[in-house]
1. Would you check if Asp71 is modelled with pLDDT of 85 or more, among the charged types (D, E, K, R) and not assigned by TED's automatic domain parsing to the domain that holds His254?
2. Kindly indicate the residue of the range 96-126 that is of a type in the set (A, V, I, L, M, F, W, C) and closer than 15 Å to Glu227 by Cβ and also modelled with the lowest pLDDT among those meeting that condition.
3. List pairs: first residue in the range 226-251 and touching a residue at least 24 places away in the same chain (Cβ under 8 Å), second residue crowded, with 19+ Cβ neighbours inside 10 Å and basic (Lys, Arg) anywhere in the structure, Cβ distance under 6 angstrom, at least six positions apart or on different chains.
4. Do we find a residue being more than 30 Å from Ser250 (Cβ to Cβ) and surrounded by fewer than 16 Cβ atoms within 10 Å (Cβ to Cβ) anywhere in the range 141-150?
5. Just to verify a result, which residue in the range 243-262, among those that are among the charged types (D, E, K, R) and out of contact with any Gly (no Cβ under 9 Å at 6 or more places or on another chain), is surrounded by the most Cβ atoms within 10 Å (Cβ to Cβ)?
6. Is it the case that Leu57 is without any contact (Cβ under 8 Å) to a residue 12 or more places away in the chain and hydrophobic (A, V, I, L, M, F, W, C)?
7. Somewhere in the range 161-169, is a residue closer than 19 Å to Ser244 by Cα and of a type outside the set (Phe, Trp, Tyr)?
8. Scan the range 106-117 and tell me whether some residue there is out of contact with any strand residue (DSSP E or B) (no Cβ under 7 Å at 6 or more places or on another chain) and surrounded by 11 or more Cβ atoms within 10 Å (Cβ to Cβ).
Amino acid sequence: MEPVHRGADPFDLSEDDDSAPPRRTLTVSSLTQLIKNNLETSFPSVLVEGEVSGSKLSTSGHLYFSLKDRDAIVQAVMFKHRLSFLNFNLTDGQKVVARASVSVYPARGQYQLIVQSLRKSGLGDILAMLEERKRRFSAERLFDVDRKKPLPRCPSQVGLVTSPTGAALRDILQVLGRRNAGIDVLIFPTAVQGDEAPASIAARIAQANAIEGIDALIIGRGGGSPEDLLAFSDELVVRAVAASRIPVISAVGHEIDWALSDFAADLRAPTPSAAAEMVAETKEALAMEVAQHEAALETSVRARLDYAKASLSAFTPEDAEARFMRIFLPTAQRFDDATEGLDRGIRASLLDRRHRLDLAQNSLSLASPAAVLSRGYSIVRRDGEAKTSPCPLGSGSIVRAAAEIVTGERLNLYFSSGGARVDVVEVKR
């Protein structure tokens, strides 16, 4: 761009006068560049709604079209790398909303829109409705993480809730057959688009839950416009997914698409094929994992054995014996001390008991009648049973006092050695 002197207004077309500062005449390129800079700075991002007209895909892959309404028309271009994110077929006559920046094409001297994204007109109302539902279901905790159920590692039976004629079913069956042909597949056909679709999808989810043995449930469909995917955001479907006892994988549309069933499901897959890959781990992957665990176990065992060998090799037999004796000796000493203490205790107890027995025997001997008689005493018994009694001291009643006898009574006297029979001549009381 050619320089413009400070203070000069390039759009001022008044006649020059001697008092005005000097200014340069603009070239077409300079003027166009000024307009381009002003437009691009003022309108870096705008949302423009209009009807598509004259759409044409160039050989380079860029899409050229016009947006028009009743009173105006503007040219637009959507470059190839942006087209990959377009999730519907653009046709003339469609009403769309374009997110774009404003630019100027100098070669033609016209402004145009450089489009980053397109959506069908009216999508804003749909998104607002989905956001309102999302907030309501979130408040009911239908999307909480603690409600999510884990997906079985190697399911044996998988249920599919999808259209029986859609590409999603073919993709899922192809992936399951390729990765793990041993999985049983139960198909629950349903409409995935239209007014009857929500009730049908919810009914098929309930039907699958009534069957025992299904380990995982995939619900979904192929790609489409946001309107096409609305069935999977319906309240009936969301509540059926949240209430499912079977872990549910939501696989609705392409990776950039989303539905409220994605939030209620236990797992979200970017595509139906990806959902099939989640439930069907390949036999090769399982075998590889087993081999990895086997190698890790072998490495761990070898490391432990090597450590044990290294520890043992550091000691000679003499060292090992010395270490053992240092460990064993305190125990052996405690055992010996305990044995000796026990032996001493038993001996002391026996001596004490023998001493007590001797004392008892001595006391018994001193208290016996024979011992009393040996000290000069005698026993007086009445006569009557002396001849027949086996007792050497007789068996008649013992006389303890003079008052117990009368004159003329016959008594037996017993001494330490022998005895005598006497008649009582006189009693002294």
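The values are calculated or read from the model by the stated rules, or taken from the named source; none is laboratory data. Predicted model only: the values in this text are computed from it and were never measured. Positions of Cβ are backbone-derived with ideal geometry, glycine not excepted, and every protein chain shown enters the neighbour counts.
1. Values: modelled with pLDDT of 85 or more: yes; among the charged types (D, E, K, R): yes; not assigned by TED's automatic domain parsing to the domain that holds His254: yes.
The answer is yes for Asp71.
2. Keep residues of the range 96-126 that are of a type in the set (A, V, I, L, M, F, W, C), which gives 96-98, 100, 102, 104, 107, 113-115, 118, 123, 126.
Applying the additional criterion that residues be closer than 15 Å to Glu227 by Cβ yields 96-97, 118, 123, 126.
Values: Val96: 88, Val97: 89, Leu118: 89, Leu123: 63, Ile126: 74.
Once the filter is applied, the top-ranked residue is Leu123.
3. Ser250/Arg268
4. As a first pass, look at the range 141-150 and keep what is more than 30 Å from Ser250 (Cβ to Cβ): none.
Scanning the range 141-150 turns up no residue that is more than 30 Å from Ser250 (Cβ to Cβ) and surrounded by fewer than 16 Cβ atoms within 10 Å (Cβ to Cβ).
5. Quick first cut of the range 243-262, residues among the charged types (D, E, K, R) only: 245, 255, 257, 262.
Subset that is out of contact with any Gly (no Cβ under 9 Å at 6 or more places or on another chain): 245, 255, 262.
Values: Arg245: 11, Glu255: 10, Asp262: 23.
Step by step, filter the range 243-262, then rank; the result is Asp262.
6. On the way: without any contact (Cβ under 8 Å) to a residue 12 or more places away in the chain: yes; hydrophobic (A, V, I, L, M, F, W, C): yes.
Yes.
7. If we filter the range 161-169 for residues that are closer than 19 Å to Ser244 by Cα, which is where we start, we get 161-162.
Narrowing the set further to residues that are of a type outside the set (Phe, Trp, Tyr) leaves 161-162.
Yes, the range 161-169 contains at least one residue that is closer than 19 Å to Ser244 by Cα and of a type outside the set (Phe, Trp, Tyr).
8. Of the residues in the range 106-117, the ones out of contact with any strand residue (DSSP E or B) (no Cβ under 7 Å at 6 or more places or on another chain) are 106-109.
From what's left, surrounded by 11 or more Cβ atoms within 10 Å (Cβ to Cβ): 106, 109.
Yes, the range 106-117 has at least one match.
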